[in-house]
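Read through the structure below, which is laid out as structure tokens, and then see the notes.
None of the figures in this text is laboratory data; all of them are computed from the coordinates on show. All figures in this text were calculated on a predicted structure; none of them were measured in a lab. Cβ sites come from the backbone with ideal geometry, for glycine too, and all protein chains shown count toward neighbours.
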Ligand code: NAP
């Protein structure tokens with residue numbers, strides 16, 4: 001019988017801890033303020049931004065929202081980031097992705113001061129993961145590590161396979177597992193004999209962005225399976241990259257979608273805002 005890894009419960013636990021920490025900071029006269037920038041009117045992004053504002057309000061973090069029209073130029077966005085970099089009352093800056101096609105992510109993300117880059121996407125923070133110096137950890141992979149630890153799942157010495165090599169999930173995920181002393185393999189669309197590799201995993205983290213791609217035939221008996229994917233199926237229901245029905249009976253523990261990795265991402269963002277670089 002598999003154990004369901006309850007991301008909703010753990011994220012609530014983290015938010016309570018952060019609320020306590022924030023109350024201590026406020027009592028000693030220190031505030032936290034997150035500036036969130038949304039360019040354009042993508043409905044999913046608008047929901048993410050609202051959820052971040054709600055989480056900030058719950059914990060006691062001040063939030064500033066900048067909702068810019070989709071015609072905003074790259075220069076205008078960079079100007080706003082520069083202004084927020086200079087503001088002493090702003091500790092965190094987040095640019096909601098994806099950006100409209102005419103704005104280049106690779107120009108915008110490095111413009112955020114690394115000390116305020118609470119998403120952990122600035123090259124300085126990306127490098128910090130690799131070298132182990134203090135920095136901001138990207139929220140989704142950090143959330144997966146926290147899920148494993150709070151579920152009492154040992155990482156050290158385990159064979160971990162990360163399916164997906166994106167800059168925001170797959171690659172940093174692999175580095176964080178390595179930091180926990182796992183033996184790590186990264187797979188991607190060019191991996192040969194994919195099922196042979198995923199089938200070795202004690203812990204399999206799936207971030208492929210393909211609904212239900214990973215079925216029971218990819219998974220070893222007794223593996224821990226973490227599903228990072230988020231999609232809406234044809235009925236509008238949320239689903240992941242893992243075919244839960246066929247994988248769960250083989251797994252020793254598995255995350256559901258929704259209620260697994262998703263809520264942890266926002267909790268770790270809040271942690272970055274409250275605790276700063278660690
Ligand atoms: P991405 O940038 O599209 O990367 C997908 C990765 O999967 C790529 O490395 C790609 O390989 C690999 N891949 C795609 N199809 C494959 C296949 N058939 N076999 C093997 N590998 C394959 O996606 P992402 O940004 O990492 O996101 C992945 C999923 O996580 C998405 O569903 C996204 O919505 C979700 N997500 C969730 C959260 C959260 O908070 N829960 C946060 C971020 C993302 P190549 O590199 O070779 O192309």
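Just a few scattered comments:
- Annotation: extensible slack from residue 88 through residue 188 equals 31.8 nm (criterion: 0.36 nm per residue apart, minus Cα-Cα distance).
- Gyration tensor (alpha-carbon) shape descriptor, segment 1-91, a/c threshold 1.5: oblate
- Sorting 1, 264, 175 by the number of Cβ atoms found within 10 Å of their own Cβ, with the fewest placed first, yields 1, 175, 264.
- A simple spin-label model places pseudo-atoms 7 Å from Cα toward Cβ; at residue 97 and residue 181 they are separated by 3.2 nm.
- The chain: angle of helix 261-275 to the longest principal axis, Cα-based, in degrees nearest 10: 40 degrees
- Between residue 275 and residue 221, the contour length at 0.36 nm per residue exceeds the Cα-Cα span by 15.6 nm.
- Segment 163-269: equivalent-ellipsoid semi-axes (sqrt of 5 x gyration tensor eigenvalues, Cα, Å): 19, 17, 14
- Cα gyration tensor category, rounded, prolate or oblate, for segment 18-170 with a/c compared to 1.5: oblate
- Each of 244, 124 was scored by other Cβ atoms within 10 Å of its Cβ. Listed from fewest to most, they are 124, 244.
- Cα-based shape type of segment 137-196, given that a ≥ b ≥ c are square roots of the gyration tensor eigenvalues and the cut on a/c is 1.5: oblate
- What the Cβ-Cβ distance of residue 4 and residue 166 gives, at R0 = 22 Å and to the nearest 0.05, is a FRET efficiency of 0.25.
- For segment 111-215, Kirkwood radius (reciprocal of mean inverse C-alpha pair distance, Å): 14.3 Å
- Most mobile listed residue (220, 171, 70) in the chain, GNM with C-alpha springs under 10 Å: 70
- Of all DSSP beta bridges in segment 137-278, antiparallel share, percent nearest 5: 10 percent
- Separation of alpha-carbon centers, segment 41-89 and segment 129-151, rounded to whole Å: 23 Å
- Each DSSP beta bridge with both residues in the chain is either parallel or antiparallel, and the antiparallel ones are about 5%.
- Given their separation in residues at 0.36 nm each and the Cα-Cα distance between them, residue 57 and residue 13 gain 14.2 nm when the chain is fully extended.
- Acute angle (nearest 10 degrees) that the helix 7-27 long axis makes with the longest principal axis of the chain, alpha-carbon atoms: 30 degrees
- Sequence of 95, 224 once ranked by neighbouring C-beta atoms within 10 Å, starting from the fewest: 95, 224
- The angle between the Cα long axis of helix 139-150 and the main principal axis of the chain comes to about 50°, on a 0 to 90 degree scale.
- Cα-based Rg / Dmax (Å) for segment 209-278: 14.2, 42
- Distance (nanometres) between label positions extended 7 Å along Cα→Cβ at residue 200 and residue 104: 3.9 nm
- Percent of C-alpha pairs per 10 Å bin, the chain, short to long: 7, 28, 35, 23, 7, 0
- Annotation: the antiparallel percentage among DSSP beta bridges lying fully within segment 1-102 is about 0.
- Spatial offset of segment 181-197 relative to segment 248-263 amounts to 20 Å, using the alpha carbon center of each.
- Top of 16, 234, 159 by mean-square fluctuation, Gaussian network on the chain, Cα under 10 Å: 234
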